[in-house]
1. Around ILE72, which amide H atoms from residues at least 5 apart in sequence, or from another chain, sit under 5 Å from its own amide H, with H modelled in the peptide plane?
2. Using the crude model of +1 on Lys and Arg Cβ and -1 on Asp and Glu Cβ, and no other charge, please compute the dipole size for the chain relative to its Cα centre, in debye to 20.
3. Which of the peptides 44-55, 26-37 is most tightly packed, and how do the rest follow, judged by the mean count of other Cβ atoms within 10 Å per residue?
4. If you take every residue apart from ASN34 with its C-beta less than 13 Å away from the C-beta of ASN34, what net charge results, scoring Lys and Arg +1 and Asp and Glu -1?
5. Using Cα pairs under 8 angstrom and six or more residues apart, how large is the relative contact order of segment 3-76, in percent?
6. Across segment 2-12, in residue order, what do the Karplus-derived ³J(HN,Hα) couplings come to in whole Hz, using 6.51 cos²θ - 1.76 cosθ + 1.60 with θ = phi - 60° and x for Gly and Pro?
7. Gaussian network model of the chain, Cα springs within a sub-10 Å range: biggest mean-square fluctuation belongs to which of ARG76, ARG20, ARG63?
8. What list of ³J(HN,Hα) values in whole Hz, one per residue of segment 25-42 in order, does the Karplus curve 6.51 cos²θ - 1.76 cosθ + 1.60 (θ = phi - 60°) give from phi, with Gly and Pro shown as x?
Amino acid sequence: MQVNTCIRELLDARAISPRRVSAELGRSSEFVRNVAMPTRSPALATVADVADVLGYDLAIVDRETGEAVGTIEAPRRAVPQTSDEASR
């Protein structure tokens, strides 16, 4: 499955609008809609952030065993919070 299709399907599965996810990411209202367009090839970090907002993780899976050998951490989660953000 192409990443753009995957993003659209994840949005549909959670019944969450691209605008809402964009707002959660602190991006322009059209950000997620734009990265999910068939002509786009979003960065892995962007896909991880979108998946994270939707409640999913990205995993590296061994094709032979089906074992998840690693999870891609959403960059937005790795950014240290300021004291104002931490108190929310």
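None of the figures in this text is laboratory data; all of them are computed from the coordinates on show. Since this is a predicted model, take the numbers as computed values, not measurements. Here Cβ is always computed from backbone atoms with ideal geometry, including for glycine, and neighbour counts include all displayed protein chains.
1. Under 5 Å from the amide H of ILE72 lie the amide H atoms of LEU58, ALA59, ILE60, each far enough along the sequence or on another chain.
2. 440
3. In decreasing order of mean packing, 44-55, 26-37 become 44-55, 26-37.
4. Its environment carries a net charge of +4.
5. Answer for segment 3-76 is 27 percent.
6. For segment 2-12, the Karplus curve yields 6, 4, 5, 5, 4, 4, 4, 5, 5, 4, 5 Hz.
7. Highest fluctuation among the options: ARG63.
8. Using θ = phi - 60°, the values come out as 7, x, 10, 4, 4, 9, 4, 5, 4, 5, 5, 8, 5, x, 8, 9, 9, x Hz.
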